[in-house]
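First the structure, in the form of structure tokens, and then the observations on it.
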């Protein structure tokens, strides 16, 4: 009876500890969301709406290259995309939603630190060491993917989708929610795609993927990447290469990782034998 009581008390203590980790995480999200809400002009003008404007970094670089190389199609977003709002509460609701979303994103390192401190006592030293490495590299790759999506894929997508017409009789007037949804989807998708080496790492560890398999289907993977890049880029070789090459490089990095894991397994088997 006493043992059950001790177990119940231990469970309640862990639950209470988790509650405080959650409370501190929520407080961090709210504080950052308030700061983002106050900095509305900077967040929307200089970050969210920036990729559609001619003076955005990527747009300026590509237009300068277009002038130097005499490739007119390389210059994108020459005319700012017109964004509209059709609901009375649309802009205010979007302002709140973006503030909360950025609050969660910017507070994520602290949130992860809180949950890491909660879980760490239950892990072995070796598990803690492996977890730190996996978390660091997965976070770094995701951040790189989001930045790649924002600075490269987003302006190309905005140019292609914003200027695409099925007929000259149909003009594009883009809704604010649609524009922000596209940017968020591109950033999230790019972040997840950049996790490819981490995915290959765990699949190789589990014995589900081998270097020979990845080499055999390399051409298939490159064709899929090429098709994905062709859909979102203007019809020129430079833009296509700008999106394709980093993704192909990630696949090659995955092959190297898988090869190293296979060699490590072979060494462990030799030592065990």
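Each value in this text was obtained by applying a stated rule to the coordinates, not by laboratory testing. A quick note: this is a predicted structure, and the numbers were derived from the prediction, not measured. FYI the Cβ positions are ideal-geometry reconstructions off the backbone, even for glycines, and counts take in every protein chain you see.
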Rounded to the nearest 10, the angle in degrees between the Cα long axis of helix 218-232 and the longest principal axis of the Cα atoms of the chain comes to 50 degrees
What spacing in nm lies between the two simple spin-label points modelled at residue 248 and residue 151, each 7 Å away from Cα in the Cβ direction?
-> 2.2 nm
Rounded to the nearest 10, the angle in degrees between the Cα long axis of helix 2-38 and the longest principal axis of the Cα atoms of the chain comes to 20 degrees
Angle in degrees between helix 237-272 and the longest Cα principal axis of the chain, rounded to the nearest 10 = 20 degrees
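So for region 19-122, Kirkwood radius off the Cα pairs, Stokes-Einstein at 37 °C and 0.692 mPa s: how many µm² s⁻¹? Kindly include the intermediate steps, with their values, before the conclusion.
Values: Rh = 16.7 Å.
Answer from the Stokes-Einstein relation: 196 µm²/s.
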Rounded to the nearest 500, what is the chain's calculated 222 nm mean residue ellipticity when only DSSP H runs of at least 4 contribute -39500 (n - 2.57) each, over all residues?
-> -25000 deg cm²/dmol
For region 2-194, the Rg and Dmax computed from alpha carbons only, in angstrom | 22.5, 83
Evaluate the distance, in nm, between pseudo-label points positioned 7 Å from the Cα of residue 173 and of residue 65 along their respective Cα→Cβ axes.
-> 3.5 nm
Ranked by GNM mean-square fluctuation in the chain (Cα springs under 10 Å), the top entry among 205, 87, 177 is 87
One finds the C-alpha centres of region 97-122 and region 41-55 to be spaced, in Å, by 26 Å
